[in-house]
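Participant: Sharing a structure with you now.
The values are calculated or read from the model by the stated rules, or taken from the named source; none is laboratory data. These numbers were taken from a predicted model, which means no experiment stands behind them. Virtual Cβ from ideal backbone geometry, glycine too; neighbours counted across all protein chains shown. To get the accessible areas, we keep the full protein, side chains included, count just its heavy atoms, and leave off ligands, DNA and RNA. Shrake-Rupley method; radii C 1.70, N 1.55, O 1.52, S 1.80 Å.
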Amino acid sequence: QVQLVESGGGLVQAGGSLRLSCAASGRTFRSDVMGWFRQAPGKEREFVAAITWNGRTYYLDSVKGRFGISRDNAKNTVYLQMNSLKPEDTAVYYCAANSGSSYYQEALYDYWGQGTQVTVSS
């Protein structure tokens, strides 16, 4: 059974940092594009960051320079380091995997985690 399990969310003050982890199991994801999406209350889910199998990264403009995505293929795990957090970063963050080449198209991701809540207080 393929599973993606996120962890590391929580409550943090504006300007603080959090590191999200996504542990994958059930098969190897070393060839997949791994992505992070988020959904704020009352808003649609949006792309945040993605990393290809060879380490190429993509980011939502509003998080560039503050967030960093990385992966450890040996551990089948992807990370999202979030620095200089802002209240507008408050959302449920989802990890996802896709075996194709898309990085921002939500519909093309095959597997999703259950999400982890990130709350940034002002």
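Participant: Can you tell me which residues in the stretch 54-75 are hydroxyl-bearing (Ser, Thr, Tyr) and part of a strand (DSSP E or B)? Lay out the reasoning, then the answer.
Facilitator: Initial filter on the stretch 54-75 (hydroxyl-bearing (Ser, Thr, Tyr)): 57-59, 62, 70.
The answer is Thr57, Tyr58, Tyr59, Ser70.
Participant: Oh, and also: Need pairs with beta-carbon distance below 7 Å; first residue over 14 Å from Thr116 (Cα atoms) and within the stretch 2-27, second open to solvent by 50 Å² or more (accessible area, probe 1.4 Å) and in a loop (DSSP other than H, G, I, E, B); sequence gap 6+ or separate chains.
Facilitator: Filtered contacts from the stretch 2-27: Val2/Gly26; Val2/Arg27; Gln3/Gly26; Ala14/Lys86; Ala14/Ser122; Gly15/Ser84; Ser17/Asn83; Gly26/Gln1.
Participant: Could you tell me which of the residues Gly100, Gly42, Gly115, Gly65 is of a type in the set (Gly, Ala, Ser) and open to solvent by less than 40 Å² (accessible area, probe 1.4 Å)? Break it down stepwise before answering.
Facilitator: Details: Gly100 fails: open to solvent by less than 40 Å² (accessible area, probe 1.4 Å); Gly42 fails: open to solvent by less than 40 Å² (accessible area, probe 1.4 Å); Gly65 fails: open to solvent by less than 40 Å² (accessible area, probe 1.4 Å).
So the residue among Gly100, Gly42, Gly115, Gly65 that is of a type in the set (Gly, Ala, Ser) and open to solvent by less than 40 Å² (accessible area, probe 1.4 Å) is Gly115.
Participant: Go through Val78, Val48, Val5 for me and flag whichever is out of contact with any Asp or Glu (no Cβ under 6 Å at 6 or more places or on another chain), of a type in the set (Val, Ile, Thr), in a strand (DSSP E or B) and exposed (fewer than 15 other Cβ atoms within 10 Å of the Cβ). Can you show your working first?
Facilitator: Numbers: Val78 fails: exposed (fewer than 15 other Cβ atoms within 10 Å of the Cβ); Val48 fails: exposed (fewer than 15 other Cβ atoms within 10 Å of the Cβ).
Result of the check over Val78, Val48, Val5: Val5.
Participant: Which one of the conditions (1) assigned to a loop (DSSP other than H, G, I, E, B); (2) out of contact with any helix residue (DSSP H, G or I) (no Cβ under 6 Å at 6 or more places or on another chain) does Gly100 fail to meet, given that it meets all the rest?
Facilitator: Answer for Gly100: the failing condition is (2).
Participant: Sticking with this structure for a sec: I'm trying to understand the selection: among the residues of the stretch 26-39, which are open to solvent by less than 60 Å² (accessible area, probe 1.4 Å) and part of a strand (DSSP E or B)?
Facilitator: Listed by number, the residues that qualify are Val33, Met34, Gly35, Trp36, Phe37, Arg38.
Participant: Give the residues of the stretch 39-61 that are of a type in the set (S, T, N, Q) and under 16 Å from Val118 (Cα atoms), sorted by residue number.
Facilitator: Step one: list which residues in the stretch 39-61 are of a type in the set (S, T, N, Q), which gives 39, 52, 54, 57.
Within the stretch 39-61, Gln39 is the sole residue that qualifies.
Participant: Quick check: is even one residue across the stretch 49-60 in contact with a Gly (Cβ under 6 Å, 6 or more places away or on another chain), within 19 Å of Gln1 (Cα to Cα) and modelled with pLDDT of 95 or more? Steps first, please.
Facilitator: The initial filter retains those residues of the stretch 49-60 that are in contact with a Gly (Cβ under 6 Å, 6 or more places away or on another chain), namely 50.
Retained after the next criterion (residues that are within 19 Å of Gln1 (Cα to Cα)): none.
No; the residues of the stretch 49-60 include none that is in contact with a Gly (Cβ under 6 Å, 6 or more places away or on another chain), within 19 Å of Gln1 (Cα to Cα) and modelled with pLDDT of 95 or more.
Participant: Just name the residue that is surrounded by the fewest Cβ atoms within 10 Å (Cβ to Cβ) out of those in the stretch 81-91 that are touching a residue at least 60 places away in the same chain (Cβ under 8 Å) and outside any loop (DSSP other than H, G, I, E, B). Explain how you work it out, then say what you get.
Facilitator: Initial filter on the stretch 81-91 (touching a residue at least 60 places away in the same chain (Cβ under 8 Å)): 81-87.
From the residues that got through so far, the ones that are outside any loop (DSSP other than H, G, I, E, B) too are 81-82, 87.
Working: Gln81: 15, Met82: 27, Pro87: 11.
Only one residue tops the list, namely Pro87.
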